[in-house]
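Shown next, in structure tokens, is the structure this report addresses.
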Amino acid sequence: MENIKLSIILEILGRPPENVTAAMNNLIEQLSKEKGVVIVSKKINDPIPVKDSKDLYTTFSEIDLEVASIDLLFFIAFKYMPSNFEITYPENLKVKNEELTQAINQLVQRLHSYDALAKNVVAERDFLAKRLVTYEPQLFRQQQNASQPENKVLEKSSKKQKKKKSKH
């Protein structure tokens, strides 16, 4: 298969502006070192202040590159998460089923990793919320009247804790 040409836009948000520029340069340098990836051109824009923010800055880069395979397209999409991704050449992709299968398997593997990570974060949050309710219940009694969505999770875990204690 011939090389695939694409244009991507990478964005970064942070502070101070010098760090935003340095982070963008590091990201592009890392991209340029990926096996099978050639950066054809790049334009890095200067950081600008984020509207309605005291000290946050944002920048973006427009990058044209060539990749050696379809699975590198998926790799770049998931590792670098560009805000825009456009295949510019060839107009029609002819892909061997073996190559597409490999790319999809890598995609699915990453999705499973992200799903597992998300489930772990939710489980840890629930565990910490229960611990907070157990050791600092007065904090949550004060906030129950606020009826914020995040408090409802803590209220439910608090009620479950009380039911367990009353059964013992």
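The values are calculated or read from the model by the stated rules, or taken from the named source; none is laboratory data. Owing to the predicted nature of the structure, the values given are computational and were not obtained by experimental measurement. Here Cβ is always computed from backbone atoms with ideal geometry, including for glycine, and neighbour counts include all displayed protein chains.
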Taking region 75-97 and keeping only residues that are within 17 Å of residue 33 (Cα to Cα) and aliphatic (A, V, I, L, M), one is left with 76, 77, 81
A careful count of residues in region 12-21 that are exposed (fewer than 15 other Cβ atoms within 10 Å of the Cβ) and under 19 Å from residue 82 (Cβ atoms) gives 1
Note: among 107, 73, 139, 128, just one is in contact with a helix residue (DSSP H, G or I) (Cβ under 8 Å, 6 or more places away or on another chain), assigned to a helix (DSSP H, G or I), at pLDDT 90 or above and of a type outside the set (D, E, K, R), namely 73
Pairing a residue in region 68-82 that is over 10 Å from residue 99 (Cβ atoms) with any residue that is among the small types (Gly, Ala, Ser) and surrounded by 17 or more Cβ atoms within 10 Å (Cβ to Cβ), where Cβ atoms lie under 6 Å and the two sit 6 or more apart in sequence or on different chains, gives 74/103
Result of the Cβ filter at 9 Å on region 44-56, keeping first residues that are over 14 Å from residue 18 (Cβ atoms) and partners that are assigned to a strand (DSSP E or B), at least 6 apart or interchain, is 45/59; 45/60; 45/61; 45/62; 50/13; 50/57; 50/58
Worksheet item: Looking at region 83-102, is at least one residue of a type in the set (Val, Ile, Thr), loosely packed, with under 12 Cβ neighbours inside 10 Å and part of a helix (DSSP H, G or I)?
Response: no
Result of the Cβ filter at 9 Å on region 6-22, keeping first residues that are touching a residue at least 60 places away in the same chain (Cβ under 8 Å) and partners that are part of a helix (DSSP H, G or I) and buried (at least 19 other Cβ atoms within 10 Å of the Cβ), at least 6 apart or interchain, is 6/76; 8/31; 8/76; 10/24; 10/31; 11/24
